[in-house]
1. I need the P(r) histogram for segment 213-344: all alpha carbon pairs, bin width 10 Å from 0 out to the longest distance, whole percents.
2. I want to verify the translational diffusion coefficient of segment 68-170 in µm²/s; compute it with Stokes-Einstein, Rh as the Kirkwood radius over Cα pairs, at 20 °C and 1.002 mPa s.
3. Within the accessible area of segment 148-205, what % is carbon and sulfur when the probe is 1.4 Å and the other protein chains stay in place?
4. Provide the packing ranking of 281-289, 171-179, 243-251, i.e. peptides ordered by the mean count of other C-beta atoms within 10 Å per residue, highest first.
5. Let me spell out the model: positive unit charges on the Cβ of Lys and Arg, negative unit charges on the Cβ of Asp and Glu, origin at the Cα centre of segment 200-261. What dipole size does that give, in debye rounded to 20?
6. Keeping all protein chains in place and using 1.4 angstrom, which order do Leu350, Leu334, Leu307 fall into by accessible surface area, from largest down?
7. With a 10 Å radius around each residue's Cβ, average the other Cβ atoms per peptide and rank 148-158, 94-104, 204-214, highest first.
8. Quick check: Cα centre of segment 246-263 to Cα centre of segment 197-225, how many Å?
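The values are calculated or read from the model by the stated rules, or taken from the named source; none is laboratory data. Only a predicted model underlies this, so the values are computations on that prediction, with no experimental measurement involved. Neighbour counts run over all protein chains shown; Cβ positions are idealised from the backbone, glycine included. Just the protein is used for accessible areas: all its heavy atoms, side chains included, with ligands, DNA and RNA removed. Shrake-Rupley method; radii C 1.70, N 1.55, O 1.52, S 1.80 Å.
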Amino acid sequence: FGKPPPCPPFCSPLALGRACTRQRALELGSMGPLSQERSVRLPVAGGAPLEMEWEEAVLQKSIQLEEIDSDVFLAAKDDLWKPLGARGVFGGQTICQTLHAAILSVPSAFAVHSFHGYFLLAGDADRNIVLHVRRVRDGGSFATRSVEARQRGQIIFSATVQFHKPEPSRGLEVAMNMPAVAGPEGLKSDREYMEDLTNDQKLSARMREFYRQSLARPARAERRMAPPPPGVGPEEPAEHIWTRVSGRLGNTTEIHLICLAYMSDMGMLECAYKPFGGLREQPPDMMVSLDHSMWFHSTTFRADEWLLFETRCTRATAARILSFCRVWTQAGELVFSCAQEGLARHTEPLRTLPLPQACTGFNT
């Protein structure tokens with residue numbers, strides 16, 4: 001799945017939908033072998049919308065699915081998002097739609113705990129995506145699903161998703177502490193950085209227009225870059241970014257899990273370019289995600305409230321970048337971890353910049 005040129009994937013529209021009625025959940029449940037246990041807890045096309053008392057997040061609409069057969073779901077092309085300059089549909093949207101389809105196939109007593117997916121082909125934003133769910137295993141404590149996202153009969157994304165029936169840890173609790181970074185209040189947002197770039201006379205008229213067009217699209221999420229915490233130098237390939245969904249989401253737990261999955265694909269590979277002045281200074285000729293893994297540690301968070309994303313490149317070699325990400329709530333709870341490997345091709349060798357020139361802002 002293509003990454004947009006200098007413009008990061010986070011600067012764009014998002015919407016996530018309406019809660020399904022119990023009647024709709026039973027209708028969908030009757031199509032599969034888990035009929036009475038199956039609980040559709042997320043927006044599905046065809047359900048009656050509920051009154052919204054908040055500014056609904058754009059992201060809610062873009063994850064909606066329609067069940068067109070037993071364990072077969074449709075992601076309508078009208079809701080697909082292709083970032084400006086990208087090769088195809090934003091990978092984070094395909095990730096979260098795949099997760100959504102898997103969630104719809106398991107009993108409500110199970111919660112997702114891990115997801116491992118591979119990007120195989122760029123998604124076409126002008127064609128529907130059909131998601132096929134295979135029930136690999138249904139056990140007493142765990143359930144496993146395999147999901148394939150297809151277009152034109154070809155698999156564009158494939159994932160294995162596992163669910164766990166929650167059980168007590170009996171005191172076995174270990175977690176990394178949240179980095180000591182500045183809070184989100186008062187920090188400059190990604191869109192404010194882009195507004196500055198629209199007036200940057202050092203950029204070409206074409207690039208200034210590119211950023212203007214990006215700003216004209218509804219924001220799906222907001223991101224604010226925090227300065228490096230003590231002990232982390234500006235040249236290190238790590239970023240600390242406060243992130244939240246733009247607008248308000250419903251109160252269903254799964255909505256927030258799915259939106260977090262979406263946001264986890266925002267700029268995962270860009271931290272590798274900090275020692276080189278940032279992605280904009282020395283952009284790759286081609287950059288695509290290869291695979292994406294996620295681990296959900298908790299459900300006690302809201303994706304429309306500030307979450308701290310710490311992303312770090314642990315290795316870049318052979319035209320591949322491997323990055324890991326951890327996510328904390330403002331209260332300091334580690335709720336999520338993920339990893340991504342991507343391809344980054346350059347025709348010219350990169351130049352390592354002196355420390356004062358190391359990247360300290362968004363790689364826009």
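1. Reading the bins upward from 0: 12, 41, 35, 11, 0.
2. Stokes-Einstein gives a translational diffusion coefficient of 151 µm²/s.
3. 48 percent
4. So the peptides 281-289, 171-179, 243-251, ranked by packing, come out 243-251, 281-289, 171-179.
5. Magnitude of the dipole: close to 420 debye.
6. Accessible-area ranking of Leu350, Leu334, Leu307, largest first: Leu350, Leu334, Leu307.
7. 94-104, 148-158, 204-214
8. 26 Å
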